[in-house]
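Since the structure comes first, as structure tokens, the remarks are kept for the end.
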Amino acid sequence: MYKVFIDGAHGTTGLRINEYLAGRSDIQVLEIDPEKRKDTEARVRMIKEADVSILCLPDQASREIAAAAPLDSVIIDTSTAHRTDPDWTYGMPELTAEQRDKIRSSTRIANPGCHASGFILLVRPLIEAGLLDRDALLTCFCVTGYSGGGKKMIADYESDERASDLDSPGQYALGQSHKHLPEMVAMTGIDNAPCFSPVVADFYSGMVMTVPLHTSMLKNGAGIDDVKKTLHTRYDNEPLIKVNDEAPESGKVYSNPMAGSNGMEMYVTGNEERILLIASYDNLGKGASGAAVQNLNIVLGTEETAGLV
């Protein structure tokens, strides 16, 4: 039986990971004395005992405990702290053909950000296939549930006395400095950060990332069919990603149908002049906790989707 320690098990991401692991007969989740939850020495002892540790902590706390842990202890960090650190492996198995092997052999794995996951998985194959130039000036927008903001935002939205503003969607990161932008650039290989508009709305979980493209941005006369073919070629054998050539029958892509799941539904819609690349997934699933468990399974050598919905 494998031993797993979740440092920060009582946060939103940690609680969901605990749910995924609770029914696993092959995993024992190590419990730390509640009074020792902020004791560095006690936490390092747990990390040493565990086969894999998952950090569900704020950025600075993740940096501190990762630096204190032995280098041969396997750590999956769900914070932003290490996603562009060259000494850490980016924990997105679908990123490249070699990424699973890198994750499997690494002791330091940085879980992707929720917004970043959809953008990277939509854009990188087009860059690699030569359909988009690396210096393309891209835009993207994403509508997400409020659980992505953590306990405080959840409490704000679910309060009986909440502000009336929260009844409507809210655009944020207006200064174009969202914390996911560095990994969006680094993991797609683009030269310029996209102009990114994230929107939080009054539903618990789920998200839709959209990347609009003018067909004139594509190279060598490529069109919408070439985009579809490229994404199918890259993802048709991936267990958690499905590429759809058409929009849903309703003609709408809502933000929460993937809530509670760990997969990602992609849509390529539009026409011969303008294209929408759309990724629908759960910000707590493929965008956070589910991705961490997927990485955990790869490290342990178990079925990659074990314990995932």
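Key figures for this structure:
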| item | result |
| --- | --- |
| Alpha-carbon centroids, the range 207-269 and the range 111-151: separation in whole Å | 12 Å |
| Calculated from backbone phi, Karplus (6.51, -1.76, 1.60) coupling profile of the range 181-188 in Hz, x at Gly/Pro | 4, x, 6, 4, 6, 5, 8, 9 |
| Amide H contacts under 5 Å for ILE6, placed H, 5+ residues apart | LEU30, ILE54 |
| Cα gyration tensor category, rounded, prolate or oblate, for the range 133-238 with a/c compared to 1.5 | prolate |
| Exposure proxy ranking, count of Cβ atoms within 10 Å, fewest first, for LEU276, LEU240 | LEU276, LEU240 |
| Förster radius 35 Å - calculated FRET efficiency between ASP160 and ASP59 (Cβ-Cβ, nearest 0.05) | 0.65 |
| Contour minus Cα-Cα distance for ASP225 and LYS38 (0.36 nm per residue) | 62.0 nm |
| Prolate/oblate/rounded call for the chain, Cα gyration tensor, a/c under 1.5 rounded | prolate |
| In nm, spacing of pseudo-spin labels at MET153 and ALA186 (7 Å Cα→C-beta vector) | 2.1 nm |
| Spin-label model distance (nm) - ASP236 vs LYS48, 7 Å beyond Cα toward Cβ | 5.1 nm |
| Degrees separating the helix 224-235 axis from the principal Cα axis of the chain, which is the longest one | 20 degrees |
| Degrees between helix 114-128 axis and first principal axis of the chain (Cα, 0 to 90, nearest 10) | 50 degrees |
| Among the listed pairs LYS152/LYS242; LYS102/LYS252; LYS38/LYS179, those beyond 27 Å (Cα-Cα) | LYS152/LYS242; LYS102/LYS252 |
| Nearest-ten-degree value, helix 12-22 long axis tilted from longest Cα axis of the chain | 70 degrees |
| Relative exposure of GLU35, GLU158, judged by other C-beta atoms within 10 Å (fewest first) | GLU35, GLU158 |
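A short reminder: the numbers here are calculations on the coordinates, not readings from a lab. Please read all numbers here as calculations on a predicted model, not as lab measurements. Note that each Cβ is placed from the backbone with ideal geometry, even for glycine, and that neighbours are counted across all protein chains shown.
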